[in-house]
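Asker: The structure under discussion is supplied below as structure tokens; questions concerning it will follow.
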Amino acid sequence: MDLSAINPALLLASLLVAATPILIAGIGELVVERAGVLNLGVEGMMITGAICGFMATIITGSPALGFLFAALGGAALSLLFALLTQVALANQVASGLALTLFGLGLSALLGQGYVGLKPPSTPKLDIPLLSDIPFFGTVLFNHDIIVYLGIALVAAVWAVLKFTRVGLVLRAVGENHDAAHALGYKVVRIRVLAIMFGGACAGLGGAYISLIRVPQWTEGMTAGAGWIALALVVFASWKPWRVLLGAWLFGGITVLQLNLQAAGVSIPVEILSMSPYIITIVVLVIMSADKSRAPASLGRIFHASS
Amino acid sequence: MGHPGKERRVTGTLLTIDGLTKAYPGVVANDTVSFEIKAGEVHALLGENGAGKSTLVKMIYGLVKPDSGTMLMNGEVFAPAEPRAARASGVAMVFQHFSLFDALDVAENIALGMENPPPMRDLAARIRTVSEEYGLPLDPFRTVGDLSAGERQRVEIIRCLLQDPKLLIMDEPTSVLTPQEVDILFETLRKLTAEGVAILYISHKLEEIRMLCDAATILRLGKNVGTCVPAETSARDMAELMVGTELQTPKSTGATLGDVVLDISGLSMPSPSAFGTALKNVHLRLRAGEVLGIGGVAGNGQDEMLLALSGEVRVDADAIKLKGAPVGKLAPNARRALGLLTAPEERLGHAAAPDMSLTENALLTGNVRKGLSQRGFLKWAKTQAFAEEIIEKFDVRTPGPDNAARSLSGGNLQKFVIGREVLQEPEVLVVNQPTWGVDASAAAAIRQAILDLAAGGTAVIVISQDLDELMEVADNFAALNEGRLTETRPTKGLTIDEIGLMMGGAHGMEVAHADA
């Protein structure tokens, strides 16, 4: 066993990378759920985003266009969910599960010709001076732009929900859609937009896995990240900064346990592998013991009876 | 209470409604309704459930588009496409239900109802000023879910007042208030009309309308069937205009009271839900043949009281005794077997399963006492006969027992729910809001059934927010206030002031400064 092989700076840096996919997908789902919609299709939208982004990057050679198409792909798939649940008034749980199964199948089909290819690498945002600072430079200022985008998204979602009228209306719709309708707000329109935002975020998160973290295409490569993102939203009590905390915790323990495995620590591999899940959930359960609760209209079907 | 505002009558017509018609599949909700609302008057809109009152106000508020007919506001065509447009023209509405957000605070709730709300800090300051000016003090930063029913209504009213309305629509505003709170509300409304605001006031409390309103329009089956000056018309005449026939007043036969059958002592129960009320040390004794009315403003423990009595929430075994036997720890079916039956307030989803047929719903509570199953197998023939018996004896209007509970109108389903329990010959029957949202003739039938049941020796608890109803059926009266039950007092001789005090008085509200 050689713990000195673990470099704390690199560990913390890879923590940010490991956390980014579930962070972006989670913050998108948070917005969806605050609008009162439970979309269980995050996994399906992530994997669709992963293949859309991968294909676009291979074809155009530009990772930036790849991420754009990943977001569009995720949003397009989520629009299907929006049609089912907001227009056809289908059950949200069943529709979300179906969306996951559909996304997994669709991505496998689309990705048949792309197995084994290597995408052009996404450039790191090498900030001069800052990235040269010892330790902090490696940890904080030596990443690709998507890592920062994820953190910026959390801040933006928090600020919009707390300080703007758009955020207030979104929360109102999630809290009591009948009242929001009676006051003249367009419940269905607001929810469809929120669902598409969630889809775009999930697509981005998925593409981050296929373009940067791995980076190549394999079937089912999101491997449950969408479900982790969903759990994260619930255990974070629908609060943006807690989603960030949970994602970092999960990402941190994931890379830590990989490092520990590599260092040959005498803990069974199985226990190490499950530790990120267990520790993240335990911590968030303890934190969600406060008074906060789910949006009151979460998962309920809205039908405007006139 | 005087009539301080009578001399301020402004005579200009504010809103003219001409020939408004709105049809839904199978029913004409409004059929060429025409009337006028003058600036500075309180105009009552009367009618039974289903008479078309809510459709009419929804058209004025821009939530529903009329099929034909026109509205004129101050002489100009008024056709709001959405509530936003109506609000911009000076129409504001206080809803009966569904318009507040429990998890948001007062200021956020108010901001949601405004077109261009000022920044939160300015808004909070304005809420404080306006609410104190009209005698309805409010803390802008409290979470609405923690407020009492009266305070929640204040939030809605302040939300309207901040927009300087010309027409204020109020839908059943007093159904959640104590008599003292009603007085305060009326003072506020008179102050508003003195400033020239017109109020369209929907209520079924006719005495209140006689006290408050300058004019009344009566709707029946979607048609305007007459107007009257409430102060000069008796409540009975107005009721008969609404119903279209003569009203039957339920009669009690005045049976003598027997032994104590239900003995509740020291019943305490934590609130089962986040915004519920805990029951605190409730005592009461109920004798055979007695009808006990439990009043109180909504949300003071009525639902919790029913849960504790039905067995949906277990309490200390000795807290509830039925004929001396402790039943506090028993589940609902065990209590039914002993003769303690209940009919909860929420018809769809609590008292009846909406998508199941009437036969299936009859089985759900009737199984134990009526022997509708044997060794786990259901006796459908016997169950259907039981359902048909309820339908026949209680005049439930439905094509047959195979129809889903959801397909019945509120009044008919309520007759079915009450009838289902009455026909099981309970020792003790507890009903919550037995005539809530039920039209006048069905309500009379249900009250008569309760009185007949008591005359046969059953002890009945009627939990209701309708004081007139309790005065009519109850021998004794008690009130729930923040989860505590007052002492039981004979209904005869109780004044409305005494009842108001039992219900908790005015909850710290102050009267509007009418001369301010």
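The values are calculated or read from the model by the stated rules, or taken from the named source; none is laboratory data. Just so it is clear, the structure is predicted and the values come from calculations on it, not from any experiment. Don't worry about glycine lacking a Cβ; one is built from the backbone with ideal geometry, like all the others, and counts go over all protein chains shown. Accessible surface areas use protein heavy atoms only, side chains included; no ligands, DNA or RNA. Shrake-Rupley method; radii C 1.70, N 1.55, O 1.52, S 1.80 Å.
Asker: From B:322, B:358, which residue is without any contact (Cβ under 8 Å) to a residue 60 or more places away in the chain, crowded, with 16+ Cβ neighbours inside 10 Å, assigned by TED's automatic domain parsing to the domain that holds residue B:404 and not acidic (Asp, Glu)?
Answerer: Working: B:322 fails: without any contact (Cβ under 8 Å) to a residue 60 or more places away in the chain.
So the residue among B:322, B:358 that is without any contact (Cβ under 8 Å) to a residue 60 or more places away in the chain, crowded, with 16+ Cβ neighbours inside 10 Å, assigned by TED's automatic domain parsing to the domain that holds residue B:404 and not acidic (Asp, Glu) is B:358.
Asker: If you don't mind, another one. Please verify whether residue B:369 is touching a residue at least 40 places away in the same chain (Cβ under 8 Å) and surrounded by fewer than 20 Cβ atoms within 10 Å (Cβ to Cβ), treating the condition exactly as stated. Can you show your working first?
Answerer: Numbers: touching a residue at least 40 places away in the same chain (Cβ under 8 Å): yes; surrounded by fewer than 20 Cβ atoms within 10 Å (Cβ to Cβ): yes.
Yes.
Asker: With (1) open to solvent by 40 Å² or more (accessible area, probe 1.4 Å); (2) closer than 22 Å to residue B:173 by Cβ; (3) within 14 Å of chain A (Cβ to nearest Cβ); (4) not polar (S, T, N, Q) as the list, and residue B:38 as the residue in question, which single condition is left unmet?
Answerer: (3)
Asker: For the stretch B:281-324, name all the residues that are among the acidic types (Asp, Glu), touching a strand residue (DSSP E or B) at 6+ places or on another chain (Cβ under 8 Å) and closer than 17 Å to residue B:431 by Cβ.
Answerer: Quick first cut of the stretch B:281-324, residues among the acidic types (Asp, Glu) only: B:290, B:303-304, B:312, B:316, B:318.
With the extra rule that they be touching a strand residue (DSSP E or B) at 6+ places or on another chain (Cβ under 8 Å), the set shrinks to B:290, B:303-304, B:316, B:318.
Within the stretch B:281-324, B:290, B:303, B:304 qualify.
Asker: Now, a different point. For the stretch B:95-104, how many residues meet the condition of being surrounded by 21 or more Cβ atoms within 10 Å (Cβ to Cβ) and more than 8 Å from chain A (Cβ to nearest Cβ)?
Answerer: Number satisfying all stated conditions: 0.
Asker: Here's a follow-up. Looking only at strands (runs of 3 or more DSSP E) that lie completely in the stretch B:273-362, which have at least 2 residues being within 25 Å of the chain's Cα centre (by Cα)? Even if it seems obvious, please write down each step before you answer.
Answerer: Details: elements: B:279-287, B:291-295, B:320-322, B:340-343.
Ranges flagged: B:279-287, B:291-295, B:340-343.
Asker: Still on this model: Before we move on, is residue A:37 open to solvent by less than 20 Å² (accessible area, probe 1.4 Å), outside any helix (DSSP H, G or I), in contact (Cβ under 8 Å) with a residue 12 or more places away in the chain and not charged (D, E, K, R)? Full working, then the answer.
Answerer: Numbers: open to solvent by less than 20 Å² (accessible area, probe 1.4 Å): yes; outside any helix (DSSP H, G or I): yes; in contact (Cβ under 8 Å) with a residue 12 or more places away in the chain: yes; not charged (D, E, K, R): yes.
Yes: the conditions hold for residue A:37.
Asker: Shifting gears a bit: Do any residues in the stretch A:150-168 that are within 11 Å of chain B (Cβ to nearest Cβ) have Cβ atoms under 7 Å from those of residues that are modelled with pLDDT of 95 or more and open to solvent by 30 Å² or more (accessible area, probe 1.4 Å), where the two are at least six apart or on different chains, and which pairs are they?
Answerer: From residues that are within 11 Å of chain B (Cβ to nearest Cβ), the pairs are A:167/A:160.
Asker: Right, something else. Output yes when any residue across the stretch A:75-83 is among the hydrophobic types (A, V, I, L, M, F, W, C), in contact with a helix residue (DSSP H, G or I) (Cβ under 8 Å, 6 or more places away or on another chain) and part of a loop (DSSP other than H, G, I, E, B), and no when none is.
Answerer: Checking the stretch A:75-83: not a single residue is among the hydrophobic types (A, V, I, L, M, F, W, C), in contact with a helix residue (DSSP H, G or I) (Cβ under 8 Å, 6 or more places away or on another chain) and part of a loop (DSSP other than H, G, I, E, B).
Asker: Quick one: in the stretch B:176-216, which of the residues that are within 15 Å of the chain's Cα centre (by Cα) and hydroxyl-bearing (Ser, Thr, Tyr) is nearest to residue B:73 (Cα to Cα)?
Answerer: It comes out as B:203.
Asker: Any residue that is within 11 Å of another protein chain (Cβ to nearest Cβ), within 29 Å of the chain's Cα centre (by Cα) and buried (at least 24 other Cβ atoms within 10 Å of the Cβ) - is there at least one of those in the stretch B:77-89?
Answerer: yes
Asker: Looking at the structure I just gave you, is residue A:238 in a loop (DSSP other than H, G, I, E, B) and not aliphatic (A, V, I, L, M)?
Answerer: Against the criterion (in a loop (DSSP other than H, G, I, E, B) and not aliphatic (A, V, I, L, M)), residue A:238 qualifies.
Asker: Further question: For residue B:195, which of the numbered conditions (1) in contact with a Gly (Cβ under 6 Å, 6 or more places away or on another chain); (2) open to solvent by 20 Å² or more (accessible area, probe 1.4 Å); (3) of a type outside the set (S, T, N, Q) fails to hold?
Answerer: (1)
Asker: Enumerate the pairs (first residue in the stretch A:73-84 and open to solvent by 10 Å² or more (accessible area, probe 1.4 Å); second residue anywhere and at pLDDT below 95 and not in a helix (DSSP H, G or I)) with beta-carbon separation below 6 Å, excluding pairs fewer than 6 apart on the same chain, so at least 6 apart or on different chains.
Answerer: A:84/A:90
Asker: Pick from the stretch B:60-76 the residues that are more than 10 Å from chain A (Cβ to nearest Cβ) and open to solvent by less than 50 Å² (accessible area, probe 1.4 Å): which of them is farthest from residue B:30 (Cα to Cα)?
Answerer: Pass one, the stretch B:60-76, residues more than 10 Å from chain A (Cβ to nearest Cβ): B:60, B:66-76.
Filter again for open to solvent by less than 50 Å² (accessible area, probe 1.4 Å), leaving B:60, B:66, B:69, B:71, B:73.
Values: B:60: 13, B:66: 9, B:69: 10, B:71: 14, B:73: 20 Å.
Among residues in the stretch B:60-76 that are more than 10 Å from chain A (Cβ to nearest Cβ) and open to solvent by less than 50 Å² (accessible area, probe 1.4 Å), the one farthest from residue B:30 (Cα to Cα) is B:73.
Asker: Inside the stretch B:123-139, can you point out the residues that are more than 14 Å from chain A (Cβ to nearest Cβ), of a type outside the set (Gly, Ala, Ser) and open to solvent by less than 10 Å² (accessible area, probe 1.4 Å)?
Answerer: B:127, B:136
Asker: Residue by residue through the stretch B:158-187, note down the ones that are among the β-branched types (Val, Ile, Thr) and not in a loop (DSSP other than H, G, I, E, B).
Answerer: Initial filter on the stretch B:158-187 (among the β-branched types (Val, Ile, Thr)): B:158, B:169, B:174, B:176, B:178, B:182, B:184.
Passing the criteria: B:158, B:169, B:182, B:184.
Asker: Also: Would you mention how many residues in the stretch A:119-144 are in contact with a helix residue (DSSP H, G or I) (Cβ under 9 Å, 6 or more places away or on another chain), open to solvent by 40 Å² or more (accessible area, probe 1.4 Å) and not in a loop (DSSP other than H, G, I, E, B)? Reasoning before the result, please.
Answerer: Taking the stretch A:119-144 and keeping what is in contact with a helix residue (DSSP H, G or I) (Cβ under 9 Å, 6 or more places away or on another chain), we get A:119-125, A:127, A:129-131, A:133-144.
Then drop every residue that is not open to solvent by 40 Å² or more (accessible area, probe 1.4 Å), which leaves A:120-121, A:123-125, A:127, A:129-130, A:133-136, A:138, A:140-142.
Within this subset, residues satisfying the condition of being not in a loop (DSSP other than H, G, I, E, B) are A:130, A:136, A:138, A:140.
Residues meeting the conditions: 4.
Asker: May I pose another question? Check whether at least one residue in the stretch B:105-122 is more than 11 Å from chain A (Cβ to nearest Cβ), surrounded by fewer than 22 Cβ atoms within 10 Å (Cβ to Cβ), without any contact (Cβ under 8 Å) to a residue 40 or more places away in the chain and in a helix (DSSP H, G or I), and report yes or no.
Answerer: Yes, because at least one residue in the stretch B:105-122 is more than 11 Å from chain A (Cβ to nearest Cβ), surrounded by fewer than 22 Cβ atoms within 10 Å (Cβ to Cβ), without any contact (Cβ under 8 Å) to a residue 40 or more places away in the chain and in a helix (DSSP H, G or I).
Asker: Being open to solvent by 20 Å² or more (accessible area, probe 1.4 Å) and among the hydrophobic types (A, V, I, L, M, F, W, C) is the requirement here; does residue A:168 meet it? Full working, then the answer.
Answerer: Details: open to solvent by 20 Å² or more (accessible area, probe 1.4 Å): no; among the hydrophobic types (A, V, I, L, M, F, W, C): yes.
The answer is no for residue A:168.
Asker: Something else about it: Within the stretch A:286-300, which residues are modelled with pLDDT of 80 or more and either within 14 Å of another protein chain (Cβ to nearest Cβ) or over 26 Å from residue A:195 (Cα atoms) (or both)?
Answerer: A:286, A:294, A:295, A:296, A:297, A:298, A:300
Asker: Given the criteria at negative phi, aliphatic (A, V, I, L, M), in contact (Cβ under 8 Å) with a residue 24 or more places away in the chain and surrounded by 17 or more Cβ atoms within 10 Å (Cβ to Cβ), does residue B:308 qualify? Before the answer, list the steps.
Answerer: Working: at negative phi: yes; aliphatic (A, V, I, L, M): yes; in contact (Cβ under 8 Å) with a residue 24 or more places away in the chain: yes; surrounded by 17 or more Cβ atoms within 10 Å (Cβ to Cβ): yes.
Spelling it out, residue B:308 is indeed at negative phi, aliphatic (A, V, I, L, M), in contact (Cβ under 8 Å) with a residue 24 or more places away in the chain and surrounded by 17 or more Cβ atoms within 10 Å (Cβ to Cβ).
Asker: Which numbered condition trips up residue B:55, out of (1) of a type in the set (Val, Ile, Thr); (2) at pLDDT 90 or above; (3) not in a strand (DSSP E or B)?
Answerer: Every listed condition holds for residue B:55 apart from (2).
Asker: Condition (residue is out of contact with any Phe, Trp or Tyr (no Cβ under 9 Å at 6 or more places or on another chain), within 14 Å of another protein chain (Cβ to nearest Cβ) and within 23 Å of residue A:298 (Cα to Cα)) applied to the stretch A:187-198: is it met by at least one residue?
Answerer: Within the stretch A:187-198, one or more residues are out of contact with any Phe, Trp or Tyr (no Cβ under 9 Å at 6 or more places or on another chain), within 14 Å of another protein chain (Cβ to nearest Cβ) and within 23 Å of residue A:298 (Cα to Cα).
Asker: Between A:116, A:49, which is part of a helix (DSSP H, G or I) and out of contact with any His (no Cβ under 7 Å at 6 or more places or on another chain)?
Answerer: Details: A:116 fails: part of a helix (DSSP H, G or I).
Sole residue among the options that is part of a helix (DSSP H, G or I) and out of contact with any His (no Cβ under 7 Å at 6 or more places or on another chain): A:49.
Here is a yes/no grid of residues against (1) more than 22 Å from the chain's Cα centre (by Cα); (2) touching a residue at least 40 places away in the same chain (Cβ under 8 Å):
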site	(1), (2)
B:127	yes, no
B:137	yes, yes
B:140	yes, no
B:144	no, yes
B:155	no, yes
B:162	yes, yes
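Asker: Please work out if residue B:403 is touching a residue at least 40 places away in the same chain (Cβ under 8 Å), in contact with a helix residue (DSSP H, G or I) (Cβ under 8 Å, 6 or more places away or on another chain), polar (S, T, N, Q) and open to solvent by 10 Å² or more (accessible area, probe 1.4 Å). Steps first, answer last, please.
Answerer: Values: touching a residue at least 40 places away in the same chain (Cβ under 8 Å): yes; in contact with a helix residue (DSSP H, G or I) (Cβ under 8 Å, 6 or more places away or on another chain): yes; polar (S, T, N, Q): yes; open to solvent by 10 Å² or more (accessible area, probe 1.4 Å): yes.
Taking the combined requirement at face value, the residue satisfies it.
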